[in-house]
Amino acid sequence: KTGFLARKIHADTDGKKTPRGKRGWKTFYAVLKGTVLYLQKDEYKPEKALSEEDLKNAVSVHHALASKATDYEKKPNVLKLKTADWRVLLFQAQSQEEMQTWINKINCV
Ligand code: I3P
């Protein structure tokens with residue numbers, strides 16, 4: 001599964017609230033491969049190696065839980081991802097269907 005997702009980091013490891021200055025929305029080209037959600041600045045090109053920044057932005061979705069972010073009302077089609085190490089990330093998909101597909105795919109890995 002691939003597609004554009006805007007990401008907001010809501011909580012860092014252990015659920016600690018992400019500090020101001022790091023809470024903004026940023027759009028990535030997302031690629032779910034195995035148990036890793038890669039978040040790349042540019043569209044995925046198979047022949048291109050991942051940059052250091054791409055690797056830093058990658059999220060393990062192993063034992064993570066995705067659900068619709070029902071408590072976030074500022075934007076539509078937002079899903080919440082809670083990782084195994086208790087980070088909380090919000091992702092805005094481009095449509096309701098896209099959001100649901102991402103939720104299903106993430107929860108099935
Ligand atoms: C954040 C940025 C986010 C905003 C967040 C701000 O500032 O403006 O868009 O979230 O509010 O802290 P920064 O880029 O300096 O980190 P929303 O878009 O959801 O309002 P928050 O701290 O209330 O989450």
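The values are calculated or read from the model by the stated rules, or taken from the named source; none is laboratory data. Bear in mind that the values here come from a model prediction, so they are computed numbers and not experimental data. In this analysis, Cβ positions are derived from the backbone assuming ideal geometry, glycine residues included, and neighbour counts consider all displayed protein chains. Accessible surface is based on the protein model in full, side chains and every heavy atom, while ligands, DNA and RNA are left aside. Shrake-Rupley method; radii C 1.70, N 1.55, O 1.52, S 1.80 Å.
Here are the numbers for the structure shown:
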{"quantity": "Sites ALA84 and LYS45, calculated FRET efficiency, Cβ-Cβ separation with R0 35 Å, nearest 0.05", "calculated": "0.75"}
{"quantity": "Whole-percent pair-distance distribution, where bins are 5 Å wide, for the alpha carbons of the stretch 64-106", "calculated": "6, 27, 34, 23, 9, 2"}
{"quantity": "Of LYS1/LYS74; LYS17/LYS74; LYS26/LYS105; LYS48/LYS75; LYS45/LYS74; LYS8/LYS48, those spanning more than 30 Å from alpha-carbon to alpha-carbon", "calculated": "LYS48/LYS75; LYS45/LYS74"}
{"quantity": "Length-normalised contact order of the stretch 56-109 in % [C-alpha pairs under 8 Å, at least 6 apart]", "calculated": "36"}
{"quantity": "For the chain, calculated [θ]222 nm from helices alone, where every DSSP H run of n ≥ 4 adds -39500 (n - 2.57)", "calculated": "-4500 deg cm²/dmol"}
{"quantity": "Of all accessible heavy-atom area on the chain, the percent that carbon and sulfur account for (1.4 Å)", "calculated": "50"}
{"quantity": "Additional length obtainable on full extension of the chain from CYS108 to THR2, 0.36 nm per residue less Cα span", "calculated": "36.6 nm"}
{"quantity": "Solvent-accessible area per residue, Å², over the stretch 1-95 with all protein chains present [probe radius 1.4 Å]", "calculated": "63"}
{"quantity": "Principal axis box of the chain, alpha-carbon based, largest edge first, Å", "calculated": "39, 30, 25"}
